[in-house]
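Notes follow the structure.
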Ligand code: TNX
């Protein structure tokens, strides 16, 4: 009878309680399936516990969830490791044997009695955690305690990604960004369920990664950047810190060593790699296409092999990006020959080669990935390479480039691929973009941020937000959910979250930010 009375009192309380402020279908990227149950909100209370399936990977996700929720709630939220985290109560993270969810999918159930996130692996649990985070009031992003009613909207979400590869690229060569900045960018990717961070580690203006067998690359080639800044480089420990931090968030680092062009910094460090008769000097401008390592010299292939081997040894992910763009001064045949040899070196190291789509005319190697950055989607050479077996990573310059200006008055950025407002970054379909390339040949999407004019973390964030979430949604959400008006409505609620988290963003006039 006492139980009954308590249940009745609780039901009456729930009727009087205000509904959770965030709607279950306001998540970005849009989930595959959302089933709201408006009567079934959950209230997170000071005594809540996080329970998780036994095992280090799931436990690590639970600790991340606790770390996300503790500062704003001020609740202790202890994490308990249990072989059977059910029955519910509090928040349960459960590993289940369910192949339909895939390696990154999850199922989220919110009821008055508790919250349950189920997934086949830790990556899925983490994606579920990011969804849960978005469903709490925006003040959850505060780093200090806030008096708030921490209500979650009732119902269920079943979710998994459309594309296996969803990424962003940071150019750390034109302007150097320290480890802490990169870790913060990793956090931003994780928020929107991106799973790859491509680091553009080398270019004309700087070589940013230590290589023991060629020490002058970083020591000499790492000095300077666009303008008059000091530049810098990552030690191996720095790079490994980034890789490990990303891995904890189920994000794979894709290192790029841009070859054979975009190599002025390497040539300054080792002039022996330069074509005969040239004397490289440090470069701090923003022109492209003038430098290259000599494709006719055997020493060049020693360099390529040594560098790629050392990068491979520090990179657990399957990919090695060899650039290949804008080698304007290398003749067609020499270029193709160089690329084919570099592709074989990568294969010999046990990695899968990624390159800009200029690699397309070179011979196929197993699994190779072409990153398409064109602006004219009629590209027969790339389509032909896809027919020969290449997979495409889509970064169309006129939709996915985060270094393009939003509008004519955007204070930083380029406009060679046009202006990219939020709608333009959202309104395209990666599965049907390049003529003659079927969705089955598309590995995924990536949003590159080139940094000729981007000099600080707030500027990086200003270019990422709000466009990165748009690209994340194209990579994650089923096409059936694609809807511009709904997208900008859903995204509007993220403005206060970014503000609370101290993230700089562009207040796109297309969105009614609260
Ligand atoms: C083209 S996109 C480049 C970069 C520049 C960028 C500026 C690509 C593969 N190469 O070297 O930074 O344009 O938007």
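The values are calculated or read from the model by the stated rules, or taken from the named source; none is laboratory data. What you are looking at is a predicted structure, and each value in this text was computed from that prediction instead of being measured. Cβ placement follows ideal geometry from the backbone for every residue including glycine, while neighbour counts extend to all protein chains displayed.
So residue 184 ticks every box in (1) touching a strand residue (DSSP E or B) at 6+ places or on another chain (Cβ under 9 Å); (2) closer than 30 Å to residue 481 by Cα but one. Which box is left unticked?
Condition not satisfied by residue 184: (1).
Can you name every residue in the range 383-400 that is away from the ligand (no atom under 15 Å from the Cβ) and part of a loop (DSSP other than H, G, I, E, B)?
Listed by number, the residues that qualify are 388, 389, 390.
Of the residues 302, 306, 258, 325, which is on the phi < 0 side of the Ramachandran plot and free of Cβ contacts under 8 Å to residues at least 24 places away in the same chain?
Result: 302 is the single residue among 302, 306, 258, 325 that is on the phi < 0 side of the Ramachandran plot and free of Cβ contacts under 8 Å to residues at least 24 places away in the same chain.
Results for (1) more than 15 Å from the ligand (Cβ to nearest atom); (2) out of contact with any strand residue (DSSP E or B) (no Cβ under 8 Å at 6 or more places or on another chain), shown as yes or no for each residue.
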| site | (1), (2) |
| --- | --- |
| 202 | no, no |
| 209 | yes, no |
| 270 | yes, yes |
| 274 | yes, yes |
| 277 | yes, yes |
| 284 | no, yes |
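Scan the range 154-166 and give yes if some residue there is within 15 Å of residue 449 (Cβ to Cβ), assigned to a strand (DSSP E or B) and either over 19 Å from the mean Cα position of the chain (by Cα) or free of Cβ contacts under 8 Å to residues at least 40 places away in the same chain (or both), otherwise no.
There is no residue in the range 154-166 that is within 15 Å of residue 449 (Cβ to Cβ), assigned to a strand (DSSP E or B) and either over 19 Å from the mean Cα position of the chain (by Cα) or free of Cβ contacts under 8 Å to residues at least 40 places away in the same chain (or both).
Quick one: in the range 73-90, which of the residues that are in contact with a helix residue (DSSP H, G or I) (Cβ under 7 Å, 6 or more places away or on another chain) and part of a strand (DSSP E or B) is surrounded by the most Cβ atoms within 10 Å (Cβ to Cβ)?
It comes out as 79.
Can you report the number of residues in the range 158-185 which are more than 16 Å from the ligand (Cβ to nearest atom) and crowded, with 21+ Cβ neighbours inside 10 Å?
Selection size over the range 158-185: 8.
Residues are listed down the side, and each one gets a yes or a no for (1) within 16 Å of the ligand (Cβ to nearest atom); (2) at negative phi; (3) assigned to a loop (DSSP other than H, G, I, E, B):
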site	(1), (2), (3)
402	yes, yes, yes
408	no, yes, yes
411	no, yes, yes
428	no, yes, yes
437	no, yes, yes
447	yes, yes, no
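For the condition out of contact with any strand residue (DSSP E or B) (no Cβ under 7 Å at 6 or more places or on another chain) and touching a residue at least 60 places away in the same chain (Cβ under 8 Å), what is the one hit in 102, 39, 114?
Result: 39 is the single residue among 102, 39, 114 that is out of contact with any strand residue (DSSP E or B) (no Cβ under 7 Å at 6 or more places or on another chain) and touching a residue at least 60 places away in the same chain (Cβ under 8 Å).
Surrounded by fewer than 21 Cβ atoms within 10 Å (Cβ to Cβ), at pLDDT 95 or above and closer than 21 Å to residue 443 by Cβ, is that true of residue 389?
Against the criterion (surrounded by fewer than 21 Cβ atoms within 10 Å (Cβ to Cβ), at pLDDT 95 or above and closer than 21 Å to residue 443 by Cβ), residue 389 qualifies.
Please enumerate the residues belonging to the range 235-254 that are assigned to a helix (DSSP H, G or I) and touching a residue at least 60 places away in the same chain (Cβ under 8 Å).
236, 239, 240, 241, 242, 243, 245, 246, 247, 248
Working only within the range 349-360, note down all residues that are touching a helix residue (DSSP H, G or I) at 6+ places or on another chain (Cβ under 7 Å), within 16 Å of the ligand (Cβ to nearest atom) and not in a strand (DSSP E or B).
Result: 357, 359, 360.
Yes/no matrix, rows are residues, columns are (1) in the same structural domain as residue 396 (by TED's automatic domain parsing); (2) over 21 Å from residue 166 (Cβ atoms); (3) surrounded by fewer than 21 Cβ atoms within 10 Å (Cβ to Cβ):
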position: 439; (1), (2), (3): yes, no, yes
position: 466; (1), (2), (3): yes, no, no
position: 473; (1), (2), (3): yes, no, no
position: 495; (1), (2), (3): no, yes, yes
position: 507; (1), (2), (3): no, yes, yes
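Any idea which residue in the range 413-426 is nearest to residue 454 (Cα to Cα), counting only those that are touching a residue at least 24 places away in the same chain (Cβ under 8 Å), within 16 Å of the ligand (Cβ to nearest atom) and not in a helix (DSSP H, G or I)?
413
Filter the range 257-299 for residues that are in a helix (DSSP H, G or I) and either within 16 Å of residue 202 (Cα to Cα) or out of contact with any helix residue (DSSP H, G or I) (no Cβ under 7 Å at 6 or more places or on another chain) (or both) and give the result.
Hits for the range 257-299 are 264, 265, 266, 267, 268, 269, 271, 273, 298.
If residue 375 passes every condition in (1) within 14 Å of the ligand (Cβ to nearest atom); (2) in contact (Cβ under 8 Å) with a residue 60 or more places away in the chain but one, which one does it miss?
(2)
Would you confirm, using the coordinates I've provided, whether residue 370 is away from the ligand (no atom under 14 Å from the Cβ), under 30 Å from residue 301 (Cβ atoms), at pLDDT 95 or above and part of a strand (DSSP E or B)?
no
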